[in-house]
Every structure is written in structure tokens, then in C-alpha cells.
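The structure under discussion appears below in the form of C-alpha cells.
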Amino acid sequence: MASQPARAEGPSRDALWSQRFRQPLQLTTMAADWLAAAGNDPGARAFGELQMAWGHRYRNELAPAEQRLARALALYQSLDDEAGLANCRDLAATLWSAQRRHGDALRLLDANAAIAPSRRPPIERLITHDRRGFLHDMLGDRDESLRERYAALDAAGESGDPAAIGFTLGMLGGVQADLYNLEDADQL
């Protein structure tokens, strides 16, 4: 699992991951603060670029998202950072699914599914499971979508982040409601 890069000040790594479940449109501001504090540390810069890319994606600014993702990817490749590369694949799959390349996106995330859970923090695994669940929905495999959503809920619980847990419960409840499993949806 990647360690948190040393930085002078700014938001924490956990705060940046959590922001997507709280106020995702503010992620670019927080990522800019992270990058300002990152200095020349390539790991910190890679993480900041990735979070900036996610922030642009939430703002539907796809060209800047792709540019920032390319920077993050290059940095993570130079560091041979398995978890960082997996996080880049999560965003790339998200961008591909926006282009309706659902099958390609799911195949890209097969590499993330093969990584031992101990190699990535729970909140990062949650994002992979959530994306895989969405893609299985788009491809009509509702059973696999539910499996991924429940795996996302497990990861959210491990993270201890109330916003991540709330997001995941909402997504899982929505899938259950779509399947007319209304009692399960209501409980979630």
C-alpha cells in the first residue's frame, strides 16, 4: 500500500479521497492546495494530479481531466506505484464509460480486481468496486453489479468514512430498488 507522501501542509490524503462523497465540485480547490504543498515530491505530485483530474471529471471538464490523468499516470509509472496506477485506471475507466466504452472500461479494471486487497486502502478499493458495479449495470449483468456494490460497501465500512458509507448505501439501495428488491432497498 502506498504511504502518504510527506508535504509541508495542506489537506490530507484521506480528506481528498473523502471529498468526492461530500462536495465533489470542491475537489479541484483541495487538489490545488495539495499540489501547492507537494513541492518536488513525485508521489505527492502524482496524487495531486490524480485528484485534480477527478475534480475536473466531476465538473464535466473532460479535456483537463484527461491531461491531468496523463500527468498522474506518468508519475505513478515512474514510481512503479501499483496502487497509484490502479487509481489511474479507475479514472480512465470512468472517462471511457462516459464515451459508452463500457466493455473496454470493465476490461481495464480487471487489473484492479486482481490486486490483493491489502495492497490498496479501502476507499480506493471502494472506487474500483463502485465503478465495476456501474459498468456491470450498463452491460446488463445485474448479479455481478450487486456483488461489486456489496464489495464496495465492505470497503466503505473498512474505511470508516461516514460520507463514503452513506454514498455506498445509497448506490446499493438504488440498484436494489431498480431490481424491485424493495425491502432490501428500504433497509439500505
Leaving ligands, DNA and RNA out of it, rank 58, 76, 150 by accessible area with a 1.4 Å probe, largest first. 150, 58, 76
Whole-Hz Karplus ³J(HN,Hα) for segment 45-54, in order, using 6.51 cos²θ - 1.76 cosθ + 1.60 and θ = phi - 60°, x for Gly and Pro? 5, 4, 5, x, 5, 4, 5, 5, 4, 4
Per-residue [θ]222 nm for the chain (sum of -39500 (n - 2.57) over DSSP H runs n ≥ 4, rounded to 500): -25000 deg cm²/dmol
Express the carbon and sulfur contribution to the solvent-accessible surface of segment 126-179 as a percent, rounded to the nearest whole number, probe 1.4 angstrom. 55
Per 5 angstrom bin, beginning at 0 and ending with the bin that holds the maximum distance, the Cα pairs of the chain fall in percents of 1, 9, 16, 20, 22, 16, 9, 4, 2, 1, 0
Under a crude label model (7 Å from the Cα following the beta-carbon direction), how far is residue 60 from residue 101 in nanometres? 2.1
Once both label points are put 7 Å beyond Cα along the C-beta direction, the residue 25-residue 138 separation in nm becomes 2.3
Heavy atoms only, 1.4 Å probe, whole protein assembly: order 52, 138 by accessible area, highest first. 138, 52
Mean shadow area (nm²) of the C-alpha convex hull around segment 73-114 is 2.7
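The values are calculated or read from the model by the stated rules, or taken from the named source; none is laboratory data. Since the model is a prediction, treat every value here as computed from it, not as a measurement. Cβ: placed from backbone, ideal geometry, glycine included. Neighbour counts: every protein chain shown. Accessible surface areas use protein heavy atoms only, side chains included; no ligands, DNA or RNA. Shrake-Rupley method; radii C 1.70, N 1.55, O 1.52, S 1.80 Å.
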